[in-house]
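We did not get these values from a lab; they are worked out from the coordinates using the rules stated. Please read these numbers as outputs of a predicted model, since none were measured by experiment. A quick note on method: Cβ atoms are made from the backbone with ideal geometry, for glycine too, and the neighbour counts reach across all protein chains shown.
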Amino acid sequence: MDVINIYQDYEAWRKENYDFIKELLKIRSKTVVRFSPVLIVVDYLYELSKKKRLNPDELIFFRTGFDYIYDNFHYINTLYSIKYNNDINELEKYSKSINLLLYLNEFKQECKEHKEVTENDVKKLTDIESKILEKLDNKENIDDEYFQLLNDVIDSIFEAKGIEVHTIDEIYNEIAVEYNLIAEDDYNIYNEIINKEIEKKRKAN
């Protein structure tokens, strides 16, 4: 995909999902808070691309971040429209389970990048995934112990093999701080996004 097309794709995606994202932010949804730094960085780079040609690192940040939020929002939106009948409060009831599922999926993707990871390792993740999906199908939330269970499995897969892994939200949080888009300590991610949208509308009027 050429650079022009990816910018056009992002603009189209943003318009299509703006109302949904706004509603998630309005209720301070836990489904979106984990990757809010990715949203902020991608949107910042998109606006920056209108003023100058992005350098290679910036373009990688934009492409990777857009792919990430596209996949995550597609999954969340699918649950919202199909499983929860476009009821955002119903979606939010199960945000803890959804968030853990998205987190788990990120590590499943990471497994593909390391030849040291075995099929048995991946099976540990898919077993947890199956349990979370079963809970969601039954309209139940996961127990808190699942978080520790996933952490233990992740440690056994990556840390035990000496593989250092950083999640996308961790990486983009650092990028957002570097770009001065968010404060390094004690920031309110929702206010950062909402204030940015208010400022955009003010300039458009």
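Here is how the numbers come out for the structure above:
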{"read-out": "Residue-wise HN-Hα coupling along the range 22-38, computed from phi with Karplus coefficients 6.51, -1.76, 1.60 (Hz; x: Gly, Pro)", "value": "4, 5, 5, 5, 4, 9, 6, 4, 6, 6, 10, 4, 5, 10, 4, x, 5"}
{"read-out": "Gain in span if fully extended, Glu134 to Glu174, counting 0.36 nm per residue against the direct Cα distance", "value": "10.9 nm"}
{"read-out": "Amide hydrogen neighbours beyond the local backbone of Ile182, cut-off 5 Å, H modeled", "value": "Val177"}
{"read-out": "Karplus-derived HN-Hα couplings along the range 71-82 (A = 6.51, B = -1.76, C = 1.60, θ = phi - 60°), whole Hz, x at Gly and Pro", "value": "5, 5, 5, 4, 5, 4, 5, 5, 4, 4, 7, 9"}
{"read-out": "Stretch gain in nm, segment Trp13-Thr118, where the contour uses 0.36 nm per residue and the Cα spacing is subtracted", "value": "34.2 nm"}
{"read-out": "Zero-based 10 Å bins, Cα pair distances in the range 3-204, whole percents", "value": "7, 31, 36, 21, 4, 0"}
{"read-out": "Relative contact order [Cα under 8 Å, 6+ residues apart], the range 87-155, whole percent", "value": "45"}
{"read-out": "16 Å reach of a label modelled at Glu90, 7 Å along Cα-to-Cβ, counting backbone N of the range 126-154", "value": "136-141"}
{"read-out": "Helix 168-178 axis, angle to the chain major axis (alpha carbon atoms, nearest 10°)", "value": "30"}
{"read-out": "Nearest-20 debye value, the chain charge dipole, Cβ charges on Lys, Arg, Asp, Glu", "value": "1040"}
{"read-out": "Filter on Lys26/Lys139; Lys50/Lys112; Lys15/Lys93; Lys30/Lys135; Lys26/Lys52 - keep pairs with C-alpha separation over 29 Å", "value": "Lys50/Lys112; Lys26/Lys52"}
{"read-out": "Approximate spin-label separation Ala183-Arg28, in nm, with each point projected 7 Å along Cα-to-Cβ", "value": "1.6"}
{"read-out": "Hz values of 3J(HN,Hα) by residue in the range 130-144 - Karplus curve (6.51, -1.76, 1.60), Gly and Pro given as x", "value": "4, 5, 5, 4, 4, 4, 5, 4, 8, 6, 10, 8, 6, 7, 4"}
{"read-out": "Local net charge near Ala160, Cβ-Cβ under 14 Å (Lys/Arg +1, Asp/Glu -1)", "value": "-4"}
{"read-out": "Ranked by how many other beta carbons lie within 10 Å on average, peptides 73-79, 138-144 from highest", "value": "73-79, 138-144"}
{"read-out": "Relative contact order, percent, the chain [alpha-carbon distance under 8 Å, six or more residues apart]", "value": "27"}
{"read-out": "At R0 = 35 Å, FRET efficiency that the Cβ-Cβ distance of Ser81 and His166 yields, to 0.05", "value": "0.65"}
